[in-house]
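Taking it in order: structure first as structure tokens, then the write-up.
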Amino acid sequence: MKKEKTPYYSIVIPIHNEEESLVPLFAKIVETLEARECDFEIVFVDDASTDGSPALLEQIASLDSRVVVVQLRRNFGQTAALAAGFDYARGEVIISMDGDFQHDPADLPLLIEKIHQGYDIVSGWRKERVDNYLTRRLPSAIANWAMSVLSGIPLHDFGTTFKAYRRDTIRNVHLYGELHRFIPALASLHGARIVEVPIRNVERATGRSHYGLDRTFRVLFDLVTVRFLLRYLTRPLHFFGMLSLVCFAFGGSALGYLAWQKLLGHSIFLEHGPLLLMAVVAVLAGIQLVSTGLIGEILTRIYFEGQQRRIYSVSRVIGRSRKAGIV
């Protein structure tokens, strides 16, 4: 039996109700990569679409053996869909992009060229945004600035999915929650070389966006998580320990002052009741923070030494090249 050739490039595309854009997106990707004589596969991850996307994806896969369709059992979200796509992708270079056709496949060579220059991650930069200013561009600009400052990664556009990764780089990044936009920052923990290239931001022609203003707040919460992971992933006690020292310093100083007042004959409960309460609470908070840090240290050891569970569940995989499962 002839062994199937492994593609060099894998295009990973999470899909959720993108029926109208699938065919033109697929055609444009094929046209762009075939023009460069690239050896590629396209991995569509259907995140439990409720429109005609599943049937259309199955039809596309039946017509082109380079297409793989990974269907998830329920709607897990974009991060989980990307994680599934990365797991099922076989290429040495993995490129992720959205399924709404707002990423122009004609820009694929820009990312590929930078990868061949030696970079581990090439991130697209939507330099000229076409989105609504108040609901998309302004919140995005603020979030990107905060991400760049707190992560230490000088990118202009963390939010775009249009990125290229070396296989060994993305395999070292474990995704959960909604951390897909922070992949460059998480990969920097492993010494990844990162570069940014301007890409076109195409106005959405069909359907409606799945993102709203509320996404900005979720991004800010995730940013706190990433900041913690970047600085304290392997030493959580250092973070909680510093907070506990502040609490102990305040509580100890206040209790020392109150003890001195007691020796001078003052009534602690009548004259300094609120301060006494604050001091006791601060000491208890310090004890709790130290305990939390120790628990974090133990969980860190378990995390690094134990098995990792996937954050998605696959119902089936369509495409003859993927019947063997994850590579």
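The values are calculated or read from the model by the stated rules, or taken from the named source; none is laboratory data. These figures come from a predicted structure and were not determined experimentally. Cβ sites come from the backbone with ideal geometry, for glycine too, and all protein chains shown count toward neighbours. Each accessible area value is taken on the protein alone, full model and side chains, heavy atoms only, with ligands, DNA and RNA left out. Shrake-Rupley method; radii C 1.70, N 1.55, O 1.52, S 1.80 Å.
Things worth noting here:
- The set of residues in the stretch 26-41 being out of contact with any Ser or Thr (no Cβ under 8 Å at 6 or more places or on another chain) and under 17 Å from Gly85 (Cα atoms) consists of Phe26, Ile29.
- Identity of the residue in the stretch 51-71, open to solvent by 10 Å² or more (accessible area, probe 1.4 Å) and either among the polar types (S, T, N, Q) or part of a strand (DSSP E or B) (or both), that ends up nearest to Leu111 (Cα to Cα): Ser65
- Condition met for Leu245 (open to solvent by less than 80 Å² (accessible area, probe 1.4 Å), over 30 Å from Ile142 (Cα atoms), modelled with pLDDT of 70 or more and part of a helix (DSSP H, G or I)): no
- Every residue from the stretch 244-287 that is β-branched (Val, Ile, Thr) and more than 41 Å from the chain's Cα centre (by Cα): Ile268
- Residue within the stretch 252-269 that is open to solvent by less than 60 Å² (accessible area, probe 1.4 Å), in contact with an Asp or Glu (Cβ under 9 Å, 6 or more places away or on another chain), over 30 Å from Ser151 (Cα atoms) and modelled with pLDDT of 70 or more present: yes
- Some residue of the stretch 230-241 being farther than 26 Å from Ala89 by Cα, outside any loop (DSSP other than H, G, I, E, B), at pLDDT below 85 and of a type in the set (Gly, Ala, Ser): yes
- Residue in the stretch 1-29 that is most open to solvent (accessible area, probe 1.4 Å), counting only those that are within 15 Å of Gly91 (Cβ to Cβ) and modelled with pLDDT of 95 or more: Tyr9
- For the stretch 86-106, the tally of residues that are under 16 Å from the mean Cα position of the chain (by Cα), assigned to a loop (DSSP other than H, G, I, E, B) and not aliphatic (A, V, I, L, M) stands at 1.
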